[in-house]
Each structure stands twice: as structure tokens, then as C-alpha cells.
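Heads up, the thing below is written out as C-alpha cells.
The values are calculated or read from the model by the stated rules, or taken from the named source; none is laboratory data. The shown structure was predicted, so the numbers you read here are calculated from the model rather than taken from an experiment. Heads up, the Cβs are rebuilt from the backbone with ideal geometry, glycines too, and the neighbour counts pull from every protein chain shown. When the accessible area is computed, the model is the full protein with side chains, heavy atoms only, and any ligands, DNA or RNA have been set aside. Shrake-Rupley method; radii C 1.70, N 1.55, O 1.52, S 1.80 Å.
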Amino acid sequence: MVGIIDYDAGNVKSVEKAVQFLGEETVLTRDPERILSADRVILPGVGAFGDAMDKLNRYGLVDVIHAVVEKGIPFLGICLGLQLLFESSEESPGVAGLGILKGEIVRIPDGIGPDGQPLKIPHVGWNSLEFPKAGRLFAGISPQSYVYFVHSYYLKAEEDIVTARAEYGVSIDASVEKGNVFACQFHPEKSSQTGLAILKNFLRIGEKE
């Protein structure tokens, strides 16, 4: 059973459908017992950092997420779900994040793209990935594979947890891994066959390790 955390954030249903397409049973819930009894847990989401943390606090989910991580349950944050795992974001000064991982969430700076035109923010579209170190999410995924992004803020993480990067005017830490915690700035559920392969790798975490 894959528990998908429901905190009134966008894009939850598309993640649920992708996981179900891969043959896994899902439960979309904010009930602590159901989340903690899941084999794997996903925190999806699009929207503003501050609003999302307000909802996680209001629904009593902050302690539940920490408990999932402490129990060693494989946990995946997607897009905003990645950003929430860190301590804070420039998008919402003064708002504390979950603080599970170390790094900065900062705004994508204005710049010029490879076509000589100003970079569009938010960053919406397909970008290729590079892998600075082996990550379990990317087993069997070729370097330069394309995935789909939608975001205005990006992660600058501690070097040792970064498993994928993309370029969009700056180097974006596109995926991280630490213990049982995984996260992607991009949307695997919207990234065609590459994205499904990444989700499938997550669904296999812990099976024969």
C-alpha cells in the first residue's frame, strides 16, 4: 500500500493515478494511522511553501511525516513536496519547513537562456538530468534523460545528498536521497516513460535490500 498524503495541495490525483497505473494500491489520506501503516509514503504538491506548511501544521501532519522518516518507511517528496523537506524557503520568509534535509530553497534568478532570450519564470518544461552520484531512483535511467519541471524556486542542497541535477540558468539540484528519504523537484508522474521508471524504482525500494 502506498500512502499519498492529502493536505489540499494540487497535483495529488495525477500522482495517485501514476502509482495505480504501475499496479500499486494507494490510499489518499491525512489519517496518521493509515499513513504510518503504509509500505511507502509520497508527499506530492504544487503551490506556495508557506501555505503548504500552514496546511501540514493545521492537519497535524508535521509530526506524522517525521514519524514516517524515523520508522524507515520509504518516503518520496515531489515538487513542492521536495521543498517542504528543507528548513525554509525564500518564497515564505520566516516560515519553518519540515527540516528533515539540509539545503536552501531559493528563487530561480533572472537570466538568459541558450536561445539568447530571457529565461521564463516559472520554469515550465522538459529538461535533461545529470547524475553526480548513483541514486536508487535512477537505476537503469540514462544520463541526459528528460523530465518535466514546473517551479519558480529551486534547491541548493548539501552536496552529499544530490543524485540528479538540471540546468536552467543555474544548476538545479533536481533530486536528493538520504537514507529512506527521496525527493524530486521535477514531476515523475508527468515525465512519460522515464518518470514511470523513476516511480517504479521508488516502489521497489526496500523489497530486497
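Annotations
- Subset of the range 68-93 (residues that are over 20 Å from Val46 (Cα atoms), surrounded by fewer than 18 Cβ atoms within 10 Å (Cβ to Cβ) and either without any contact (Cβ under 8 Å) to a residue 12 or more places away in the chain or in contact with a helix residue (DSSP H, G or I) (Cβ under 8 Å, 6 or more places away or on another chain) (or both)): Glu70, Lys71
- The residue pairs whose first member lies in the range 148-168 and is within 16 Å of His187 (Cα to Cα), whose second member is part of a helix (DSSP H, G or I), and whose beta carbons are closer than 7 Å, counting only pairs six or more residues apart or on different chains, are Tyr148/Lys190; Tyr153/Gln83; Leu155/Leu82; Leu155/Gln83; Thr163/Leu137; Thr163/Phe138; Ala164/Phe138.
- Gly45 touching a helix residue (DSSP H, G or I) at 6+ places or on another chain (Cβ under 7 Å), open to solvent by less than 20 Å² (accessible area, probe 1.4 Å) and among the small types (Gly, Ala, Ser): yes
- Residues being under 19 Å from Glu90 (Cα atoms) and either modelled with pLDDT of 95 or more or in contact with a strand residue (DSSP E or B) (Cβ under 6 Å, 6 or more places away or on another chain) (or both) - total across the range 159-174: 5
- Restricted to strands (runs of 3 or more DSSP E) entirely inside the range 118-209, those with at least 3 residues that are surrounded by fewer than 17 Cβ atoms within 10 Å (Cβ to Cβ) are 123-128.
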